[in-house]
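Here the structure is laid out as structure tokens; the discussion comes afterwards.
The values are calculated or read from the model by the stated rules, or taken from the named source; none is laboratory data. Note that this is a predicted model, so its numbers are computed, not measured. Because the Cβ atoms are built from the backbone with ideal geometry, glycine has one as well, and the counts that use them run over all protein chains shown. We work out accessible area using only protein heavy atoms, side chains counted, and drop any ligands, DNA or RNA first. Shrake-Rupley method; radii C 1.70, N 1.55, O 1.52, S 1.80 Å.
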Amino acid sequence: MNNKEFISELAQRSGYTQADTQRLVNTVIASMGDAFEGGENVALSGFGSFEVKKRMERVVINPVTGLKMLVPPKLVLGFKPIAAIKEKLKNGGEAHE
């Protein structure tokens, strides 16, 4: 599903116009981005949580040249879905009851 399809579906379900829905989605994404930049985690009830994690510096070896290189530390974003979503995906999209 691309952005246009997502906005269309969300607008239809919520009863808002597509323009209003696009503004709402952009606002949510911008707010989440601001939180991530500040090193904060974001939890969405009924969906999952996004966590900002620090990946430590490490040494990697170029397989072609054999040279060792130092990869600096960086922040990465991880997502952890709620158990119900994990279970649904594990069962091929069908809820297990």
### Query
If you build a Gaussian network model of the chain, linking Cα atoms that sit under 10 Å apart, which residue out of Asn41, Asn62, Asn26 swings the most?
Asn62
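Quick one: pull the percentage of alpha-carbon pairs in the chain with a separation above 21 Å.
Result for the distance tail: 60 percent.
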### Summary
Looking only at aspartates and glutamates whose Cα falls under 13 Å of Lys88's and that sit 8 or more positions away or on another chain, we get Glu97
### Message
Over the chain, with the other protein chains present, what is the accessible area per residue in square angstrom, probe 1.4 angstrom?
### Response
82
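In whole percent, how big is the carbon plus sulfur part of the accessible area of the chain, probe 1.4 Å, protein atoms only? Walk me through the numbers before you get to the answer.
Working: 4530 of 7950 Å².
Its accessible area is 57 percent carbon and sulfur atoms.
Relative contact order for the chain: what is it in percent, counting Cα pairs under 8 Å that are at least 6 residues apart? All intermediate terms of the calculation are to be shown ahead of the outcome.
Details: 92 pairs, mean separation 17.3, N = 97.
The value is 18 percent.
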#### Entry: Sparsely packed GluC sites (Glu not before Pro) within the stretch 30-68, loop by DSSP, other Cβ within 10 Å at most 16
Glu40, Glu57
### Query
Build a GNM of the chain with springs between Cα atoms under 10 Å: which of Gly38, Gly66, Gly46 gets the top mean-square fluctuation?
Gly66
### Query
What lysines could a cross-link reach from Lys90, if we take a straight Cα to Cα line under 29 Å and drop same-chain neighbours fewer than 8 places away?
Lys4, Lys53, Lys54, Lys80
## Note on the structure
Dipole check, the chain, charges on Cβ (K,R +1; D,E -1), about Cα centroid: among Asn62, Gly38, Ile7 the Cα furthest to the positive pole belongs to Asn62
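Quick one: in the stretch 40-87, what % of C-alpha pairs are over 16 Å apart?
58
Tell me the net charge near Glu51. Cut-off is 11 Å between Cβ atoms, Glu51 excluded, with +1 for each Lys or Arg and -1 for each Asp or Glu. Let's see the in-between values first.
Details: positive: Lys53, Lys54, Lys80; negative: Glu40.
Charge balance in the 11 Å sphere: +2.
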